[in-house]
Amino acid sequence: MEKIEFLILRNLLYNEEFVRKVLPFIRPEYFQDQSQKIIFQEISSFVEEFNNIPSKEVLNIEVEKRNDVNEDQYREVCQTIEHLTDVPVDFSWLVETSEKWCRDRAIYLALMESVQLADGGGEKSPDSIPSILQEALAVSFDNHVGHDYLNDSEERYDSYNQKENKIEFDLEYFNKITKGGLPNKTLNIALAGTGVGKSLFMCHMASAVLLQGRNVLYITMEMAEEKIAERIDSNLLNVNIKDLADLPKTLFVNKVSQLQKKTQGNIIIKEYPTASAHAGHFKSLLNELALKKSFRPDIIFIDYLNICASSRYRSNGTVNSYSYIKAIAEELRGLAVEANVPIVSATQTTRSGYGSSDVELTDTSESFGLPATADLMFALISTEELESLGQIMVKQLKNRYNDPTMNKRFVVGIDRAKMRLYDCEQSAQADILDSGQDEEYTPQEKTSGPRKSFEGFKF
């Protein structure tokens, strides 16, 4: 019986439809036979360069040009090419069988790589094993070939009138710059110096989202779970954070009970040691929460990005900080896409950016690759003057949702004692806004409650 590898090569040489369908998904390393691997490489290179299928004669010539093929290998490759004849086969069966072969080979190679990493070999960290296996299991031929502009016009028009599910802010100007809130499948980053208010911003937003009836997952790698919960208590219970411990237990429990009656959502706070967890760990946590608590978050907060680990690289390896932080950002954005939620995180400013009243993208600590990956990035700026006014300045640095020149800078009120942010009077914005007319947005209808199913949440 003819092996599937040989059948695939036959059709790559004679079946243009098959070539267009499967070539992008096949890797040279999937072929165990060296001759077959060489033939595939030459077919793939030719199609990529000339947008056409090579003839047998062309293949022979291209193989002869290679410096990594000796005389014996060349003869073997030529013999293999000679036997590649056009043999009709059912197209659907061929595609399905080819897809299964690709997946099986990808899984096998992933297992071999994982064993090597587990034994201390390879450049990647053993922590990357789950993501390596997951990528292999996800190998498939994508049936979607793209949007047909002329024939899909009705579908496109309907999409214009669909309301996008967003997580709204309780702060006016944040809703303005995002056109009503944060969409799913996005990575949103707050940039600030130490002590300016990164965690305060995320705790406040987490509290506001809970009051919308949404589920919140708050991952902390800087502070203990109890400290994050304390900040959220101060915000939601409207109690000075220093006075929480002095509240009678009965009063505290009663306040939390009253809060519980006001929302259908919940907040889960999970602590990891600094630099010990990456997107793979967070995926496992999401699966566990779904199975054990029937809890699926509507938004994820990660406090904060720079002290996450990467599943691709060892933290003590030779990789530079640009690549390492960029990898973390890409992995977190990938998590946002897979989980179908917005992710909110933060990053530190550089030394030059710390204390600056005009922070720029170049003030991003460790990696300029982070702004390239984020969908929304804004700076939180605090000065002595702003602190005396009980305000903090927000400056847009990158915005894929709206024109970043609209309301480029604005201020929000800050109550550090109660871990709260609030809207300032319009007069406070008068001398700050960089743009002219404010852009209007239409608030979306609120969802009926949190999502507790794990439907569509596959890893």
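Within the stretch 60-98, the residues that satisfy the criterion of being of a type in the set (A, V, I, L, M, F, W, C) and surrounded by 10 or more Cβ atoms within 10 Å (Cβ to Cβ) are I61, V63, V69, V77, C78, I81, L84, V87, V89, F91, L94, V95. Of the residues making up the stretch 1-25, those that are closer than 26 Å to D72 by Cα and among the hydrophobic types (A, V, I, L, M, F, W, C) are M1, I4, F6, L7, I8, L9, L12, L13.
Is it the case that V216 is under 27 Å from M393 (Cα atoms), out of contact with any Lys or Arg (no Cβ under 9 Å at 6 or more places or on another chain) and either assigned by TED's automatic domain parsing to the domain that holds I302 or surrounded by fewer than 16 Cβ atoms within 10 Å (Cβ to Cβ) (or both)? Don't jump to the end; show me each part of the working.
Values: under 27 Å from M393 (Cα atoms): yes; out of contact with any Lys or Arg (no Cβ under 9 Å at 6 or more places or on another chain): yes; either assigned by TED's automatic domain parsing to the domain that holds I302 or surrounded by fewer than 16 Cβ atoms within 10 Å (Cβ to Cβ) (or both): yes.
So V216 fits the description; yes.
Of the residues making up the stretch 161-201, those that are surrounded by fewer than 19 Cβ atoms within 10 Å (Cβ to Cβ), at pLDDT below 90 and either out of contact with any Phe, Trp or Tyr (no Cβ under 8 Å at 6 or more places or on another chain) or at positive phi (or both) are N161, Q162, K163, E164, N165, G195. Summed over the stretch 231-244, the residues that are surrounded by 17 or more Cβ atoms within 10 Å (Cβ to Cβ) and without any contact (Cβ under 8 Å) to a residue 60 or more places away in the chain give a count of 3.
Residue by residue, here is whether (1) hydrophobic (A, V, I, L, M, F, W, C); (2) in the same structural domain as L376 (by TED's automatic domain parsing); (3) outside any helix (DSSP H, G or I) holds:
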residue: E62; (1), (2), (3): no, no, no
residue: C78; (1), (2), (3): yes, no, no
residue: D127; (1), (2), (3): no, no, no
residue: I132; (1), (2), (3): yes, no, no
residue: L150; (1), (2), (3): yes, no, yes
residue: S159; (1), (2), (3): no, no, no
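Scanning the stretch 208-235 for residues that are more than 28 Å from N287 (Cβ to Cβ) and of a type outside the set (D, E, K, R) returns S234, N235. Restricting attention to the stretch 35-59, the residues that are surrounded by fewer than 20 Cβ atoms within 10 Å (Cβ to Cβ) and free of Cβ contacts under 8 Å to residues at least 40 places away in the same chain add up to 14. Here A277 clears all of (1) free of Cβ contacts under 8 Å to residues at least 40 places away in the same chain; (2) not in a helix (DSSP H, G or I) except the condition numbered (1). Taking the stated definitions as given, is S357 among the small types (G, A, S), at pLDDT below 75 and surrounded by 15 or more Cβ atoms within 10 Å (Cβ to Cβ)? Spelling it out, it is not the case that S357 is among the small types (G, A, S), at pLDDT below 75 and surrounded by 15 or more Cβ atoms within 10 Å (Cβ to Cβ). Looking only at the stretch 309-320, decide whether some residue is surrounded by fewer than 23 Cβ atoms within 10 Å (Cβ to Cβ), modelled with pLDDT under 90 and within 16 Å of K198 (Cα to Cα). No: the stretch 309-320 contains no residue that is surrounded by fewer than 23 Cβ atoms within 10 Å (Cβ to Cβ), modelled with pLDDT under 90 and within 16 Å of K198 (Cα to Cα).
If only residues of the stretch 100-137 that are surrounded by 18 or more Cβ atoms within 10 Å (Cβ to Cβ) and of a type in the set (S, T, Y) are counted, the one that is nearest to the chain's Cα centre (by Cα) is S131.
Whether any residue in the stretch 263-274 is assigned by TED's automatic domain parsing to the domain that holds T347 and without any contact (Cβ under 8 Å) to a residue 40 or more places away in the chain is what I want to check. Looking for residues that are assigned by TED's automatic domain parsing to the domain that holds T347 and without any contact (Cβ under 8 Å) to a residue 40 or more places away in the chain, one finds none in the stretch 263-274, hence no. Taking the stretch 384-426 on its own, how many of its residues are assigned to a strand (DSSP E or B), acidic (D, E) and touching an Asp or Glu at 6+ places or on another chain (Cβ under 8 Å)? Number satisfying all stated conditions: 1. Mind checking which residues of the stretch 321-345 are crowded, with 23+ Cβ neighbours inside 10 Å, among the β-branched types (V, I, T) and out of contact with any Pro (no Cβ under 7 Å at 6 or more places or on another chain)? If the condition is that a residue be crowded, with 23+ Cβ neighbours inside 10 Å, among the β-branched types (V, I, T) and out of contact with any Pro (no Cβ under 7 Å at 6 or more places or on another chain), then I325, I328, I343, V344 are the ones that fit. For the stretch 280-311, a tally of residues being free of Cβ contacts under 8 Å to residues at least 12 places away in the same chain and in a loop (DSSP other than H, G, I, E, B) returns 0. The set of residues in the stretch 260-281 that are modelled with pLDDT under 90, out of contact with any Ser or Thr (no Cβ under 7 Å at 6 or more places or on another chain) and buried (at least 21 other Cβ atoms within 10 Å of the Cβ) contains only A277.
Being polar (S, T, N, Q), at pLDDT 90 or above and within 36 Å of the chain's Cα centre (by Cα) is a description that applies to S45.
In this structure, does I26 turn out to be touching a residue at least 40 places away in the same chain (Cβ under 8 Å), more than 33 Å from the chain's Cα centre (by Cα) and surrounded by 18 or more Cβ atoms within 10 Å (Cβ to Cβ)? In short, no.
The values are calculated or read from the model by the stated rules, or taken from the named source; none is laboratory data. Not measured: the values here are computed from a predicted model. Note that we place each Cβ from the backbone using ideal geometry, even for glycine, and neighbour counts take in every protein chain shown.
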